[in-house]
Amino acid sequence: MVVTRRQALLLAAAAAGTALTATACTDPTPGAPDARVTIGLTYVPNVQFAPFYLAQQRGYFAEAGVDVTLRHHGESEDLFGALTAGREQIVVAGGDEMLQARSQAVDVVSIATLYQEYPVALIVPEDSDITGPADLAGRTVGVPGPYGETWFGLLAMLHEAGLTTDDVEVATIGYTQQAALSGGHVDAVMGYVNNDVPQFRATGLAVEAVPIGDVPLVGIGLGTTSRMTQHQGAALAGVVAAVGRAVADIAADPSLAVEAAAEEIPGSITDEQREIMGAVAEATVPLYGDLTGAWGEHDDARWEAMAGTMLDLGLIEEPVEAGEAFTDAFIGS
């Protein structure tokens with residue numbers, strides 16, 4: 001996922017369990033102006049969703065002819081459940097998560113890549129002698145659990161380093177990476193370079209992000225259904241264009257992400273929280289990649305490599321046709 005509930009609550013001054021109410025949405029009329037689209041954002045409001053907030057607040061969606069509702073998921077809600085049920089028309093999810101879902105017969109197609117760089121890193125104490133994935137042999141690495149991008153990243157990283165989970169001790173620690181690392185219970189944790197690292201440092205824990213290498217995994221993007229791609233092309237193109245505009249704005253001035261998120265996070269935000277949000281926004285901008293070309297394009301070769309790697313690692317049980325899992329048809333149109 002993009003962000004864990006625990007991590008989001010560190011940034012939001014919201015009570016535990018807060019989530020936006022689900023909003024059912026009728027199918028837009030093909031080709032009609034102000035088509036209605038609900039976009040699913042995982043878990044509680046967070047600065048990492050700022051491109052969607054900013055696009056809404058600045059009227060970019062409306063200018064593109066799309067009436068957008070932003071919907072945050074509940075804590076235990078399935079990532080693709082609302083999309084499959086028709087309560088959402090677009091969901092924000094990892095390309096690898098979409099590919100895995102397709103292997104399980106979920107109708108999801110990526111229409112834009114938000115993070116051109118994979119956001120997961122190996123996080124170690126600043127004084128650690130672990131400087132690369134190969135140094136993990138015989139060490140303990142903590143993960144929230146055997147799911148999601150931190151798990152995918154761990155397996156792909158070990159694979160690229162010529163290791164397997166038999167060569168390391170994998171500790172399932174839930175969302176207690178910071179406590180586990182600071183307490184010396186693990187030698188390293190898998191986390192998000194743009195979220196966990198700034199938060200750890202903000203609390204006084206000196207850490208380093210060790211790159212996991214050029215793993216063939218695809219980060220966060222926008223997923224929809226094949227029905228939407230066939231019947232709601234104008235609406236999808238409008239959403240992609242609007243989000244792309246907001247991404248460009250934030251890349252030019254990351255403080256915009258903080259202000260946009262502040263309007264969406266319930267309750268008041270302390271100066272400390274605002275500072276952390278700013279650090280997260282700054283760390284997120286590099287993940288957007290090169291914005292001089294057509295924003296959101298998919299890397300065909302990486303998707304093909306990802307399909308093979310995920311099959312090899314047992315993350316999907318049957319081969320998935322990568323070329324059918326994404327489309328650039330709604331980018332730059």
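The values are calculated or read from the model by the stated rules, or taken from the named source; none is laboratory data. Here the structure is a predicted model, which is why all the values come from computation and not from measurement. Using ideal geometry, Cβ is built from the backbone for each residue, glycine included, and neighbour counts are taken over all protein chains shown. We work out accessible area using only protein heavy atoms, side chains counted, and drop any ligands, DNA or RNA first. Shrake-Rupley method; radii C 1.70, N 1.55, O 1.52, S 1.80 Å.
Summary table
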{"item": "Amide H within-cut-off set for GLU297, under 5 Å, with H built and near neighbours excluded", "result": "THR113"}
{"item": "Heavy-atom surface of the chain, accessible at 1.4 Å and reported per residue (Å²)", "result": "39"}
{"item": "The stretch 110-175: mean projected area of Cα convex hull, nm²", "result": "5.5"}
{"item": "Cα-derived Rg over Rh, computed across the stretch 179-313 with Rh taken as Kirkwood radius", "result": "1.02"}
{"item": "Candidates per GluC sites (Glu not before Pro) in the stretch 234-333, loop by DSSP, up to 13 other Cβ within 10 Å", "result": "GLU263, GLU317, GLU321"}
{"item": "Solvent accessible area, Å² - ASP328, 1.4 Å probe, full protein context", "result": "60"}
{"item": "Contour excess over end-to-end distance, with Cα ends at GLN57 and SER226 and 0.36 nm allotted per residue", "result": "58.0 nm"}
{"item": "Helix runs (DSSP H) in the chain reaching 15 Å along axis by Cα, Kyte-Doolittle at least 0.5", "result": "233-252"}
{"item": "Per residue convex hull volume, Cα atoms of the chain, in Å³", "result": "121"}
{"item": "Separation in nanometres of the label points that stand 7 Å from Cα toward Cβ, at GLU126 and ALA206", "result": "0.4"}
{"item": "Binned Cα-Cα distance frequencies in the stretch 36-149 - 10 Å width, integer %", "result": "11, 35, 29, 17, 7, 1"}
{"item": "Carbon + sulfur, % of accessible area of the chain - ligands and nucleic acids excluded, 1.4 Å", "result": "48"}
{"item": "Estimated FRET transfer efficiency (LEU291, LEU163; beta-carbon r; R0 35 Å; 0.05)", "result": "0.50"}
{"item": "Helical contribution to [θ] at 222 nm, DSSP H n ≥ 4, -39,500 (n - 2.57), averaged over the chain, rounded to 500", "result": "-10500 deg cm²/dmol"}
{"item": "Space enclosed by the convex hull of the alpha-carbon atoms of the stretch 265-313, per residue, Å³", "result": "154"}
{"item": "Pairwise FRET efficiency - GLU321 versus ALA85, Cβ, R0 = 25 Å, nearest 0.05", "result": "0.50"}
